[in-house]
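Here the structure is laid out as structure tokens; the discussion comes afterwards.
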Amino acid sequence: MLGSCLEKVRAASPLVHNITNYVTVNDVANAILAVGGSPIMSDDGGEVEEITSICAALNINIGTLNQTTVPSMFLAGRKAAALGHPVLLDPVGAGASRLRTETAVRLADEIPFAVIRGNSSEIKTLASGSGGTRGVDADMEDAVTEESLDSAAAFVKEFAARRRCVVAVTGAIDLVADAERCFVIRNGRAEMGRITGTGCQLSGIIAAFLAANPGGYLNACAAAVAAMGLAGEIAWKRMAVGDGNSTYRNRIIDALFTMTGSVLDGGARYEVR
């Protein structure tokens with residue numbers, strides 16, 4: 001089922017507008033290319049509305065937000081919404097500073113997002129309107145575990161219902177939910193956390209999956225999350241003696257590039273609650 005979502009991305013090659021993290025922008029572009037999409041990066045207010053008009057989806061990532069790019073996020077988000085394009089919000093580091101938190105909350109309030117994706121601390125910050133995170137990593141007390149899984153799934157469904165969108169909480173166990181169903185995805189490797197930008201890459205990938213799977217955003221988002229986790233598993237098996245996190249980053253992108261729908265269906269480990 002999830003594999004067909006990937007195959008649709010490869011068939012459609014959707015153009016994705018990214019206002020994203022300067023730290024990871026090149027990897028985001030390459031990850032989108034790897035799954036079959038086509039990335040464009042633009043964050044200047046003078047062109048973002050025009051750029052997003054020619055794209056099929058918009059990815060807004062606040063990882064390196066500033067006083068110039070924040071207005072661009074709203075301009076592009078409103079334009080994409082007016083055109084009926086799916087928009088994703090990645091509230092990187094929400095809770096770490098007032099600017100990040102207020103910007104993320106305002107975006108969520110004013111833009112009709114198709115998907116909000118973040119770690120558990122970032123999503124809880126959005127849900128409450130305030131909070132604290134350790135940089136861009138989820139606080140340990142917020143992490144989804146087997147023991148907290150039932151309550152975490154219920155929380156994500158409730159937040160998705162409140163925001164009228166799909167919500168993806170990524171970590172050791174990934175949760176992707178709308179108001180009715182929650183995918184519990186167990187793909188991935190802990191070593192993925194040693195690479196800067198796997199979350200940013202995932203947000204770009206999800207935007208491509210949304211563009212290619214209109215009307216099926218929950219399954220599309222779950223497929224993208226599972227694909228990224230599976231790529232991390234495949235890439236780790238290809239690591240050699242002397243390889244480090246830089247090589248691992250490249251091998252993850254390579255694994256995405258060579259992944260087929262049948263490989264994703266065969267390797268995705270999930271349940272629906």
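Note on Glu50 and Ser38: the model spin-label points, each 7 Å out from Cα along the C-beta direction, lie 1.8 nm apart.
When the solvent-accessible surface of protein heavy atoms is calculated with a 1.4 angstrom probe, in what order do Lys237, Lys8, Lys157 fall, highest first?
Lys237, Lys8, Lys157
Backbone phi angles across segment 60-66, fed through the Karplus curve with coefficients 6.51, -1.76 and 1.60 (θ = phi - 60°), yield HN-Hα couplings of 10, 10, 9, x, 10, 5, 8 Hz in residue order; Gly and Pro are listed as x. Charge dipole (Cα centre; +1 on Lys/Arg Cβ, -1 on Asp/Glu Cβ; no other charges) of the chain amounts to roughly 240 debye. For the pair Glu233 and Thr145 in one chain, pulling the backbone fully straight at 0.36 nm per residue adds 29.7 nm over the alpha carbon distance. Between Ser97 and Glu191, the distance separating the two model label sites (each 7 Å from Cα on the Cα→Cβ line) works out to 3.3 nm.
Over the chain, the alpha carbon radius of gyration divided by the compact-protein estimate 2.2 N^0.38 Å works out to 0.91.
Across segment 49-59, rounded Karplus estimates of 3J(HN,Hα) from the backbone phi angles (6.51 cos²θ - 1.76 cosθ + 1.60, θ = phi - 60°) give 5, 5, 5, 5, 5, 9, 9, 9, 7, 10, 10 Hz, Gly and Pro being marked x.
Across the chain, Cα pairs under 8 Å and at least six residues apart give a relative contact order of 23 percent. Past the 22 angstrom mark, what percentage of all C-alpha to C-alpha distances in segment 1-138 do you count? So the pairs more than 22 Å apart make up 37 percent of the total in segment 1-138.
Give me Rg/Rg_expected for segment 44-116, where Rg uses Cα atoms only and Rg_expected = 2.2 N^0.38 Å with N residues.
Details: Rg = 11.4 Å, N = 73, 2.2 N^0.38 = 11.2 Å.
Taking N as the residue count of segment 44-116, the ratio is 1.02.
In the chain the longest region clear of GluC sites (Glu not before Pro) that are loop-assigned by DSSP and have at most 12 other C-beta atoms within 10 Å covers 1-145. For the chain, the membrane-span-like helix rule (DSSP H, alpha carbon extent of at least 27 Å along the helix axis, mean Kyte-Doolittle at least -0.5) picks out 217-237; this says nothing about an actual membrane. With q set to 0.14, 0.20, 0.22 Å⁻¹, the log10 of I(q)/I(0) for segment 145-273, from the Debye formula over equal scatterers at the Cα positions, is -0.60, -1.14, -1.32. Each Lys or Arg adds one and each Asp or Glu takes one away; over the other residues whose Cβ falls under 12 Å from the Cβ of Ala207, this sums to 0. Each peptide in 216-222, 95-101, 243-249 gets a packing score, the mean of other Cβ atoms within 10 Å over its residues, and the list from highest to lowest is 216-222, 95-101, 243-249.
Sequence-distant contacts, meaning Cα pairs under 8 Å at least 6 residues apart, place the relative contact order of segment 178-240 at 48 percent.
With the full set of protein chains in place, find how many percent of the accessible area of the chain is carbon and sulfur; take the probe as 1.4 Å. Don't skip to the answer; put the middle values down first.
On the way: 5640 of 11040 Å².
About 51 percent, which is the carbon plus sulfur part of the accessible surface.
On a per residue basis, the chain carries 40 Å² of accessible surface, using protein heavy atoms and a 1.4 Å probe. Rounded to the nearest Hz, the phi-derived 3J(HN,Hα) couplings of segment 178-183 under the Karplus curve 6.51 cos²θ - 1.76 cosθ + 1.60 (θ = phi - 60°) are 10, 5, 10, 10, 10, 7, where x marks glycine and proline. Projecting the Cα atoms of Ala81, Ala31, Ser42 onto the charge dipole of segment 25-83 (Cβ charges, centred on the Cα centre) puts Ala81 farthest toward the positive pole. Which distance in Å, rounded to a whole number, links the C-alpha centroids of segment 69-93 and segment 1-41? Between the Cα centre of segment 69-93 and that of segment 1-41, the gap is 17 Å. Ranked by the mean number of other Cβ atoms within 10 Å of their residues, highest first, the peptides 167-174, 87-94 fall in the order 87-94, 167-174.
The values are calculated or read from the model by the stated rules, or taken from the named source; none is laboratory data. Treat the numbers as computed from the prediction; the structure is a model and nothing was measured. Cβ sites come from the backbone with ideal geometry, for glycine too, and all protein chains shown count toward neighbours. These accessible areas exclude ligands, DNA and RNA; they are computed on the full protein's heavy atoms, side chains included. Shrake-Rupley method; radii C 1.70, N 1.55, O 1.52, S 1.80 Å.
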